[in-house]
Amino acid sequence: MTKIELTVNGKKQSREVEDRALLVDVLRDQLQLTGTHIGCDTSQCGCCTIHLDGRAVKSCTMLAVQASGADIVTIEGLADGDKLHPVQQAFTDCHALQCGFCTPGMIMAISAFLKDHPQPTDEEIYHGLEGNLCRCTGYINIVKAVKRSAELMK
């Protein structure tokens, strides 16, 4: 067991974890932040995407001990109180979800993507979504939500 220190959604956390514990499991099982989903355990689907020190990271392929000392934001910490983050608002406005399983990972990936691409082209959006899979929507409304997010974040 190893003691790790994290800042998660603005709160300092200290936990004892097995050396082989995945970050996604610590977030879900020890911190009860179940908005970070587990979809594949191979980093193919992106459902487990979080922000680690400001970068989008797939937490299912990262050991929790590797994240010690990091600042982590999960989907639960993205909104500002009751005010949704612009990407969350855009997903709502554009009906960019159906079952919702991929939605937290999509939102986390897109919010990080838009920091580097504030006015993305269609091609940049398609490339930015490559690491996240949605099995329901066909991406049409997700792409609309990315464009709407960029407008809201201006």
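Please report the relative contact order for the range 2-77, taking Cα pairs under 8 Å with a sequence separation of at least 6, and give it as a percent rounded to a whole number. Show your work: numbers first, answer last.
Details: 153 pairs, mean separation 30.7, N = 76.
For the range 2-77, the relative contact order is 40 percent.
What angle do you read, to the nearest 10 degrees and between 0 and 90, between the alpha-carbon axis of helix 140-152 and the longest principal axis of the chain?
Taking Cα atoms only, the helix is inclined about 90 degrees.
List every residue whose amide H lies under 5 Å from the amide H of Leu63, counting only residues 5 or more places away in sequence or on a different chain, with H placed 1.01 Å from N in the peptide plane.
It is Leu23, by chain and number.
Considering Cα pairs under 8 angstrom that are at least six residues apart, work out the relative contact order of the range 67-154 and quote it in whole percent.
Numbers: 78 pairs, mean separation 35.4, N = 88.
Once normalised by length, the contact order is 40 percent.
Tabulate in residue order the Karplus-calculated ³J(HN,Hα) for the range 125-134, using 6.51 cos²θ - 1.76 cosθ + 1.60 with θ = phi - 60°, rounded to whole Hz; enter x for Gly and Pro.
Those phi angles translate into 5, 4, 5, x, 8, 4, x, 10, 10, 10 Hz.
Would you give the gap between the C-alpha center of the range 1-40 and the C-alpha center of the range 65-81, rounded to a whole Å?
Spelled out, the Cα-based centre of one part sits 10 Å from the other.
HN-Hα J couplings of the range 75-85 from phi, Karplus 6.51/-1.76/1.60, θ = phi - 60°, integer Hz, Gly and Pro as x?
Per-residue couplings from phi come out as 4, 5, x, 6, 6, 9, x, 8, 8, 5, 5 Hz.
Please state the relative contact order of the chain as a whole percent: Cα pairs under 8 Å, 6+ residues apart?
Details: 284 pairs, mean separation 38.0, N = 154.
Rounded, it is 25 percent for the chain.
Between Gln13 and residues 5 or more places away or on another chain, which pairs have amide H atoms under 5 Å apart, with H built 1.01 Å from N, and which residues are they?
Leu6, Thr7, Val8
Past 29 Å, Cα to Cα: identify those pairs from Lys58/Lys144; Lys58/Lys83; Lys12/Lys144; Lys12/Lys83; Lys3/Lys115; Lys3/Lys58, in the order given.
Values: Lys58/Lys144 23 Å; Lys58/Lys83 25 Å; Lys12/Lys144 36 Å; Lys12/Lys83 23 Å; Lys3/Lys115 32 Å; Lys3/Lys58 22 Å.
As for pairs spanning more than 29 Å Cα to Cα, those are Lys12/Lys144; Lys3/Lys115.
Tell me, what ³J(HN,Hα) does each residue in the range 8-18 have, in order and in whole Hz, if you take phi through Karplus 6.51 cos²θ - 1.76 cosθ + 1.60 with θ = phi - 60° and put x for Gly and Pro?
The phi angles translate into 10, 6, x, 10, 5, 10, 10, 9, 9, 10, 5 Hz.
Values quoted throughout were computed directly from the atomic coordinates according to the rules given, and no laboratory measurement underlies them. Predicted model only: the values in this text are computed from it and were never measured.
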